[in-house]
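Everything on this sheet refers to the single structure shown next.
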Amino acid sequence: MNKNNNLCEITVSDDSVLMNAHTFAEDLARHFHFSLGRDKVQESHLYLYNALAITVRDHLVSQWRKTRMARAGQRRVAYMSLEFLMGRTLNNAILNLDLDDTVRAALEGYCCDLEDVEQAEHDAGLGNGGLGRLAACFLDSCASLALPVIGYGIRYEYGMFNQEIKNGQQVEHPDNWLRNGNPWEIAAPEKAIRIKFFGHVDVITKKDGQQYRQWNNTHDVLAVPYDMPIPGYQNGIVNTLRLWKSEATDEFDLDEFNAGSYTESVARKNLAEQITMVLYPNDSSENGKELRLRQQYFLSSASLQDTINLYVESHGKNFDKFVALNSYQLNDTHPSIAVAELMRILMDDYSIPWDDAWAITSQTMAYTNHTLLPEALEKWPVRLFENLLPRILEIIYEINARFLQQVAVCWPGDSQKQSALSLIEEGHEPQVRMAHLAIVGSYSVNGVAALHTELLKAGLFNDFYQLWPEKFNNKTNGVTPRRWLSHCNRSLSALISSKIGRNWVADFAEVSQLSEFANNKAFQKKWRDSKQHNKAALVDLVEEATGVTFDVNMMFDVQVKRIHEYKRQLLNIMHVIGLYDRIRKGDTADITPRCVLIGGKAAPGYVMAKQIIKLINNVADTINLDPKVAKYLKVAFIPNYNVSAMEIICPATDLSEQISTAGKEASGTGNMKFMMNGALTIGTLDGANIEIRDAVAPDNFFLFGAEAHEIPGIRENYQPNEIIANSPTLSAVMQLLESGHFNLFEPGIYDSIIESIRDPGDMWLTAYDFDSYFQAQRRVDECYKDQQLWTQKSILNTAASGVFSSDHTIRQYRDEIWKL
Ligand code: 26W
């Protein structure tokens, strides 16, 4: 211990001596008995889990400190995201720290398996779907590649809702994921940051006549950091995910206080705490709720101030080196208000003139777009800004005025271009277009798959592309092979390692060596055995969750993702109805028995998506009750699909359903998880499916459906009723739907679904793609009958999945955007 001034530094002699395999069991016992005060293992394993988590965390903390120290003075990236869908942490930490054997040995004294203990951990579901899980995979890859990237997000008290299926319908329950505490987080209340809201802007004139602006009379909220460790894969690196919790300041409203309303004044603190209370469960349409805008500003401001404080600590108020040392990646437009907020901080807090502040901002911000759906593009009413963030609105107006001058130079006298590109959408309720703010303020704009980026450049953002072609680039998504193969599929991982060694976990390109063994009969047999083993685990999960008994000898056909019309779960269930019809009519000669699993959550306000869930459940009930059908077809809707469920589902899947209307799915990442685990894909030419098919070769992918470039032409003269009339299979499906076969006691509940299929304005072209889909499914059936051929294709899929590792993606971010 050495004392200097009032700073007292405590050094621990040598972490590696204190914590090693020998003492792990003792450390675990000590935490169990003393830190937590327990002496019996309960059925829930909660305390044992907590003791184990703290013990593992001890190992992380020393590496965490070393990583932090080694990083001082280096260029860093802040990955800003309203969502981080982390799932469970324990097993990932054990894998990345290489503690598996140690932990298993230590648990022997407690009469339970690691797998049992892991179940006690609640998923951290701080995200909706693809975008949030991508952020989590990226953090794993950044740490594994030893990159100085810090994640910034919100510590929602309630994550993604829990979904229950009651009478076939989705019912939402709050996800109180912190109820039993969170052993992984470390709070630092002393590092809280002040965030301003409301108030007004004063113009102050300095002695030298210079004017500057002050945002006064604000209602401030504190942002308290909670840090989560992000271990790299067996490389001694531990990065940080910093999640902000909102808290009230200890200040009282003086007027209220003097008026004697002490209790009211204290109670008002709740308002501040509301900001980080709950994750918004919408993944495609924004309904302009003020609280959501508060969350966005809260995250952006806290994270920017945090990075700037760190910079100022070592460089003082000279910002010359700021651009060289900092970059911000905006995960969609959700944190794009950071563009204006960085301007505000630099100008108002550090007296930097506009032009210099803009040079800094526009050379540090980078924006990733995740969707082409127009309804998902965020816009905020100007009137909301006026009230909540008046200073920010001023800055947005000024950015816009200067930007529109540039537009005028490029397109002189073109007022249409002015209004199309403006950051402000005029109308009776003027709105701020957040995507425009993000593009104007960033040096990089990227899409998340090749097709998606091309569509952005050619369509949605074409004007911006013409202005600044050099900003636009593609970064095809990826997923981490640690969680999505090594951890979740132990049997296949062991088999892979037996052939090519274990280095593929760190360098996933090495899986390509598997293609050599694709035709090896003995290897194929083991590959199939592993799949059967994983299918047995999924059978248990489905049985427990739904009561439906799947059969490992049937093909497992799976579609799990958010429920959305463009993802076309409806098309999937229509194929199921078509199969059911064939089976009932005795046309079973070339049917391959299959178990169809569908899962996913619908946004609570998305009526059509909820009706689709109900339809899937009713179809499942009808089919599963029919004994004549059981041999050929079983259907289940798995409730509460989440990260932990996917860890059991993707290793057990034979057929991966990626059937979105072409041009609508930006990338998809579930498609990659299935491929890594040896599933074959049936899919459209959409998002990353295109790259998946190219990588594995067309022979090993079941393609169907209209292509993105054909779709506008098809829509022009779309006659679904004619298509239905001309297709016997589709007619039979519609007949079953329209006769009320699946809703005998609930007349009319599917009318709007039926109408949507028959509507010439159907955006998703369900009827158009049906026959093509049905035929592709017949090719699937045929192929699956030849188990050798199927297994060969399965091996080739895993072998070709190397480029879909998020390590590969992150290397591209590192080299082409972040320049780390
Ligand atoms: C306005 C509310 C809101 C919330 C979330 C709008 C949009 C979103 C996300 C953009 C939805 C999302 O998760 N998009 C998905 O991002 C994945 C990662 O890039 C892609 O793989 C998916 O194709 C895309 O749908």
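The values are calculated or read from the model by the stated rules, or taken from the named source; none is laboratory data. Just so it is clear, the model here is predicted, and its values are computed rather than measured. Neighbour counts are summed over all protein chains in view; Cβ atoms, including those assigned to glycine, are modelled from backbone coordinates with ideal geometry.
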| request: Within region 324-339, count every residue that is of a type outside the set (S, T, N, Q) and part of a loop (DSSP other than H, G, I, E, B). | output: 4
| field | helices (runs of 4 or more DSSP H) wholly inside region 537-651 that include at least 1 residues being surrounded by fewer than 17 Cβ atoms within 10 Å (Cβ to Cβ) and away from the ligand (no atom under 16 Å from the Cβ) | value | 569-584, 607-625
| If you go through region 753-775 one residue at a time, how many are touching an Asp or Glu at 6+ places or on another chain (Cβ under 9 Å), in contact (Cβ under 8 Å) with a residue 40 or more places away in the chain, not in a loop (DSSP other than H, G, I, E, B) and not small (Gly, Ala, Ser)? | 2
| said: Going by what's in this entry, would residue 342 be described as at pLDDT 95 or above, within 16 Å of the ligand (Cβ to nearest atom) and not in a loop (DSSP other than H, G, I, E, B)? | reply: no
| task | Restricting attention to region 660-683, report how many residues are closer than 21 Å to residue 369 by Cα, touching a residue at least 24 places away in the same chain (Cβ under 8 Å) and not basic (Lys, Arg). | result | 11
| said: Pairs please, first residue from region 269-294 and in contact (Cβ under 8 Å) with a residue 40 or more places away in the chain, second anywhere and of a type in the set (Gly, Ala, Ser) and within 10 Å of the ligand (Cβ to nearest atom), Cβ atoms under 6 Å, 6+ apart in sequence or on different chains. | reply: 281/603; 282/603; 283/129; 284/376
| remark: Going through region 268-309 in order, the residues found to be within 11 Å of the ligand (Cβ to nearest atom), modelled with pLDDT of 95 or more and under 19 Å from residue 176 (Cα atoms) are 279, 280, 281
| said: Whether any residue in region 697-713 is β-branched (Val, Ile, Thr), more than 16 Å from the ligand (Cβ to nearest atom) and part of a helix (DSSP H, G or I) is what I want to check. | reply: yes
| message | Here's a check for you: in region 354-371, which residue that is in a strand (DSSP E or B) and hydrophobic (A, V, I, L, M, F, W, C) is nearest to the ligand (Cβ to nearest atom)? | response | 366
| query | Of (1) within 16 Å of the ligand (Cβ to nearest atom); (2) touching a residue at least 24 places away in the same chain (Cβ under 8 Å); (3) charged (D, E, K, R), residue 471 satisfies all except one. Which? | reply | (1)
| remark: Scanning region 665-687 for residues that are within 25 Å of residue 778 (Cβ to Cβ), within 15 Å of the ligand (Cβ to nearest atom) and out of contact with any Cys (no Cβ under 8 Å at 6 or more places or on another chain) gives 665, 668, 671, 675, 681, 683, 684, 685, 686, 687
| In region 207-320, which strands (runs of 3 or more DSSP E) lie fully inside it and hold 1 or more residues that are β-branched (Val, Ile, Thr) and surrounded by 15 or more Cβ atoms within 10 Å (Cβ to Cβ)? | 221-231, 238-248
| query | In region 629-673, what residues are of a type in the set (Ser, Thr, Tyr) and farther than 21 Å from residue 594 by Cα? | reply | 644, 660, 661, 667, 669
| task | Please determine, by comparing only the residues of region 466-489 that are assigned to a helix (DSSP H, G or I) and touching a strand residue (DSSP E or B) at 6+ places or on another chain (Cβ under 7 Å), which one is surrounded by the fewest Cβ atoms within 10 Å (Cβ to Cβ). | result | 471
| query | Residue check: is residue 100 farther than 26 Å from residue 175 by Cβ, surrounded by fewer than 22 Cβ atoms within 10 Å (Cβ to Cβ) and away from the ligand (no atom under 15 Å from the Cβ)? | reply | yes
| message | Just to be sure before I move on: is residue 151 within 16 Å of the ligand (Cβ to nearest atom) and out of contact with any Asp or Glu (no Cβ under 9 Å at 6 or more places or on another chain) in the structure I sent? | response | yes
| message | I need every pair where a residue in region 372-401 that is within 15 Å of the ligand (Cβ to nearest atom) has its Cβ under 6 Å from the Cβ of a residue that is charged (D, E, K, R) and in a loop (DSSP other than H, G, I, E, B), sequence separation at least 6 or different chains. | response | 378/286; 381/429
| Which numbered condition residue 667 misses (of (1) part of a helix (DSSP H, G or I); (2) under 29 Å from residue 491 (Cβ atoms)) | (1)
| message | Give me the residue from region 83-97 that is under 14 Å from residue 124 (Cα atoms) and among the hydrophobic types (A, V, I, L, M, F, W, C) and, out of that set, farthest from the ligand (Cβ to nearest atom). | response | 90
| request: Might you check whether a residue that is within 30 Å of the chain's Cα centre (by Cα) and more than 30 Å from residue 792 (Cβ to Cβ) occurs anywhere in region 724-740? | output: no
| said: I'd like the full set of residues that are acidic (Asp, Glu) and over 30 Å from residue 327 (Cβ atoms), limited to region 38-88. | reply: 39, 43, 58
| query | When you scan region 405-455, how many residues do you find that are more than 16 Å from the ligand (Cβ to nearest atom) and of a type in the set (Gly, Ala, Ser)? | reply | 9
